[in-house]
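Comments concern the structure below.
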Amino acid sequence: MSTLEIKDLHVSIETEQGTKEILKGVSLTIRTGETHAIMGPNGSGKSTLASTIAGHPRYNVTSGSITLDGEDVLEMSVDERARAGVFLAMQYPVEVPGVSMTNFLRTAKTAIDGEAPKLRTWTKDVKAAMEQLRIDADFAQRNVNEGFSGGEKKRVEILQLELFKPKFAILDETDSGLDVDALKVVSEGVNRAHAEGKMGTLLITHYTRILRYIKPDFVHVFVDGQVVEEGGPELADRLEEEGYDRYAKGAGAAAAPAVAQA
Amino acid sequence: MTEITTEKARIGAPSAQPFIDGFTEEGESLSPINAAGSKAPLAGAAAKSHSHGGGVGVPDSSRAGRLTSYSLADFKPLTGMEEDWRFTPLKRLRGLHSEVLSGTAPTVVVTGPEEITVESVGRDDRRIGTAGIPEDRVSANAWENFAGATVVTIPSEFEALTEVSVDIEGTSLDPAAQHLVIVAEKFSKAVVVLNHRGSAIVSENVEIIVEDGASLTVITLQEWNDDAVHASSQQAKIGRDAKLKHVMVSLGGDLVRVTPSARFTAPGGEAEMFGLYFADAGQHLEQRLFVDHAVANCKSNVLYKGALQGRNAHAVWVGDVLIRKEAEGTDTYEANRNLLLTDGARADSVPNLEIETGLIEGAGHASATGRMDDEHLFYLMARGIPEDVARRLVVRGFLNEIIQQIKVPSIEERLTEAVEHELALTDN
Ligand SMILES: Nc1ncnc2c1ncn2[C@@H]1O[C@H](COP(=O)(O)OP(=O)(O)OP(=O)(O)O)[C@@H](O)[C@H]1O
Ligand SMILES: [Mg+2]
């Protein structure tokens, strides 16, 4: 049983216009076996939260903390965080020219496990996982994300999730850009990883669509760098009907007695 | 993002001084074949006099106006201000531009399928001078001084299944001249590998003749010792429906300057030119290429990639592509990418695309020099891969695009290892 704990996190970035605060005090606790959905309008800071947990250098934590089973995540380098069990499925996975998927997957697996995977079982595992996600076998020979369509990139992110078996998976809009079939395939992948019972999930999304396939235990509404409302799965249904309008800036902060974080 | 993109390309010939029909700078050395309409300075058996470019009415800044001559005396002593020498530290040429090149030339050993003929010939051999005329003083100096040449011929219609290796081993540091001729006869198919190794101070002329319908790959590897100085002019003449793939790899040597050129002599030709260089501290690796679209309906594609690390590592890439007036239907693209791995390294990258006709299929260029992309590193590290391993993966991946072009597994493996070795040096 592991716990990822985010406490009063403030994050800013440097822009041409100067320092800009994006996360304005976010607190969130995720435990193994739980699925948390973070929902919010464009630009509310969802990706910023995800990237900050993963350690992207662009984001400066000005105060607050992130711990994994009590260990200070903010002290860790990007690769250390991954090896500690944090996995970020990115909203826009990066193309890495000249590096083959096969080589990349094996190198990453070796780094995460601290030893090279047994070649025979590894090749079999990769093949099986690719089949389940309906990824063509020839993708193994292609360069990381190079020329993959948006949907293919997302599947390959979930492929890594299944192969690397992290303690905490952060899925940043994994649903966007997917058609219904792909959405099902990808959701099944996440559910398979979850079913092993050793993972906590932070599912970031703009739409409620994916929540039909991946059932959240908790829903957090994110507006302007803060959690403005929290609840169970029923909150997602309400968002489906009402949208984010009622959290409109200004009104949001005031009309948010439900800011349950304390 | 840390990419710094430089676009220094000049498109179109300088228009102030138009070419005048009948007054081409190469006029006096045109062989009967070439006089038929091509304005490219192509040599022929009868063409061993000289020709002048950059003269009255011909803009020196246009590639078409470059002086070409077999005679050293036609080239003025270098000052370093010349357009084609402005990036080269002349002092480090160790006399290649100024001394009589009388040293012992590197030994040449050719191995390959027995159908290939290999000859050692004298200066007066009829094949010498068929693919090009020296375009700079150092090349002309080699022409003036070479004692004998090696001629490698792939017989017509022969398709070589294994590569032809030309091992060029330097054993002396006295300035020397070298001459090689590679002839791919009609409809032949072969891969010829020039392995430059050892220690040498040498100016080399390589003539490459790709006859009609032939398909030739020339891979030139510069894996010299640290003290070597090497200037190599590699001029190719490409016949009708013929195909040249030229792959240049410079890793070792103090100063290595390779100037490959591809000249189309008949329609339907195709040239692919690839380059890979890895400059370490203090090394000067220069590559200047020229693609001369002198006739219609030919295709060219150029991609050079370099990595640089260490203080005063210097790489130069200049890509001259000239689409002459008669070269309608040309399709060309050239690109150069440099990856700066440390501070103190410098890459100069200058694509020059001159277009004298609007009736072309396509023409493009790109040049980018920058540091490693942080997003690449972040992606790999976010998968648990430590930074040093991630950096190596990215550089290897960057250069791999060129290595993959070689398609001779043993050489691909060797170069991959050589790149690994260079990368291991970064960590110190
Ligand atoms: N590099 C940057 N420069 C300037 N502003 C930035 C930068 N990165 C993020 N921002 C700003 O920070 C805010 C939060 O961005 P973020 O990407 O975290 O939002 P999001 O909730 O993930 O949005 P979306 O739903 O569109 O993915 C936005 O206002 C965005 O414009
Ligand atoms: Mg986002």
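Among the residues of the stretch A:19-64, those with an accessible-area drop of 50 Å² or more from chain alone to full protein complex, heavy atoms and 1.4 Å probe, are A:H56.
What accessible area, summed over both chains, is buried at the B-A interface (1.4 Å probe, Å², nearest 100)?
2000
Interface residues of the stretch A:88-114, defined as a loss of at least 40 Å² in heavy-atom accessible area between the chain alone and the complex of all protein chains with a 1.4 Å probe, are A:M90, A:V94, A:V96, A:P97, A:G98, A:V99, A:F104, A:T107. How big is the charge dipole of the stretch B:32-371 about its Cα centre, in debye rounded to the nearest 20, if each Lys and Arg gets +1 on its Cβ and each Asp and Glu gets -1 on its Cβ? Dipole of the stretch B:32-371, to the nearest 20 debye: 660 debye. For chain B, the longest principal axis of the C-alpha atoms and the axis of helix B:387-403 are separated by about 20°. What a 1.4 Å probe finds exposed on chain A is 49% carbon and sulfur by accessible area, rounded to a whole percent. DSSP beta bridges fully contained in the stretch B:192-315 are about 0 percent antiparallel. Charge dipole (Cα centre; +1 on Lys/Arg Cβ, -1 on Asp/Glu Cβ; no other charges) of the protein assembly as shown amounts to roughly 340 debye. Averaged per residue, the stretch B:372-428 has 42 square angstrom of accessible surface, using a 1.4 angstrom probe with ligands and nucleic acids left out. Counted over chain B, the DSSP beta bridges are approximately 10% antiparallel. Name the residue, out of B:Q309, B:Q404, B:Q222, whose mean-square fluctuation peaks in a Gaussian network model built on chain B with Cα pairs under 10 Å. Its mean-square fluctuation being the largest, the pick is B:Q404. Among A:T121, A:T29, B:T217, the sequence by solvent-accessible area, most first, with a 1.4 Å probe is A:T121, A:T29, B:T217. Backbone phi angles across the stretch B:364-381, fed through the Karplus curve with coefficients 6.51, -1.76 and 1.60 (θ = phi - 60°), yield HN-Hα couplings of x, 8, 8, 8, 8, 10, x, 8, 4, 6, 4, 5, 4, 4, 4, 4, 5, 5 Hz in residue order; Gly and Pro are listed as x.
For the stretch A:70-85, list whatever residues lose no less than 10 Å² of accessible surface once every protein chain is in place, relative to that chain by itself, with the probe at 1.4 Å. Residues passing the criterion (a loss of at least 10 Å², heavy atoms only) are A:V78, A:D79, A:A82, A:R83.
Based on the Cβ-Cβ distance of A:A128 and A:E230, what FRET efficiency does E = 1/(1 + (r/R0)^6) give at R0 = 41 Å, to the nearest 0.05? Don't skip to the answer; put the middle values down first.
On the way: r = 38 Å, r/R0 = 0.92.
That gives a FRET efficiency of 0.65.
Modelled spin-label separation between B:N301 and B:E420, with each label point placed 7 Å from Cα along the Cα-to-Cβ direction: 2.9 nm. Translational diffusion coefficient, Stokes-Einstein: compute it for the stretch A:120-262 using the Kirkwood radius over C-alpha pairs as Rh, at 4 °C and 1.567 mPa s, and state it as an integer in µm² s⁻¹. Value of D from the Cα-based Kirkwood radius: 77 µm²/s. Label sites at A:E75 and A:S2, each approximated as a point 7 angstrom past Cα along Cα to Cβ, lie 1.8 nm apart. Between B:V138, B:V258, B:V395, the GNM of chain B built on Cα springs shorter than 10 angstrom shows B:V395 fluctuating the most.
Residues of the stretch B:352-392 with an amide N closer than 19 Å to a point placed 7 Å from the Cα of B:D343 along the Cα-to-Cβ direction: B:370-374. Normalised per residue, the accessible area of the stretch B:209-365 is 24 Å², obtained with a 1.4 Å probe and no contribution from ligands, DNA or RNA. For the pair B:N225 and B:L359, a Förster radius of 60 Å applied to the C-beta separation gives a FRET efficiency near 0.75, rounded to the nearest 0.05.
At q = 0.08 Å⁻¹, what is the base-10 log of I(q)/I(0) for chain B according to the Debye formula with one equal point scatterer per Cα and no solvent? Please give it to two decimals. Evaluating at q = 0.08 Å⁻¹ gives log10 I(q)/I(0) of -0.41.
Rounded to the nearest percent, how much of the accessible area of the stretch B:32-371 (1.4 Å probe, protein heavy atoms only) is carbon and sulfur? Carbon with sulfur: 49 percent of the solvent-accessible area. A cut-off of 5 Å between modelled amide H atoms, ignoring neighbours fewer than 5 places along the same chain, links B:A347 with B:A315. Springs between alpha-carbon pairs under 10 angstrom, Gaussian network model over chain A: which of A:G151, A:G40, A:G70 fluctuates most? Most flexible of the set in this elastic network: A:G70.
Summarising the amide proton neighbourhood of A:L203: residues at separation of 5 or more, or on other chains, whose placed amide H is nearer than 5 Å comprise A:H36, A:A37, A:I38, A:L171.
Computed over the alpha carbons of the stretch B:120-277, Rg followed by Dmax gives 14.8, 43 Å. To the nearest ten degrees, helix B:409-426 and the longest principal axis of the Cα atoms of chain B are 50 degrees apart. For B:Q234, the amide hydrogen comes within under 5 Å of the amide hydrogens of B:V206, B:T259, B:S261, counting only partners 5 or more places away or on other chains and with H modelled in the peptide plane. Once R0 is set to 35 Å, what does the formula 1/(1 + (r/R0)^6) return for the Cβ-Cβ distance between A:T29 and B:E412, expressed as a FRET efficiency to the nearest 0.05? About 0.10, to the nearest 0.05. Beta-bridge orientation, the protein assembly as shown: approximately 20 percent antiparallel, per DSSP, counting only bridges with both partners inside.
The values are calculated or read from the model by the stated rules, or taken from the named source; none is laboratory data. Worth saying up front: this structure is predicted, and the values here are computed from it rather than measured. Cβ coordinates were reconstructed from backbone atoms using ideal geometry, including for glycine residues, and neighbour counts include every protein chain displayed. We work out accessible area using only protein heavy atoms, side chains counted, and drop any ligands, DNA or RNA first. Shrake-Rupley method; radii C 1.70, N 1.55, O 1.52, S 1.80 Å.
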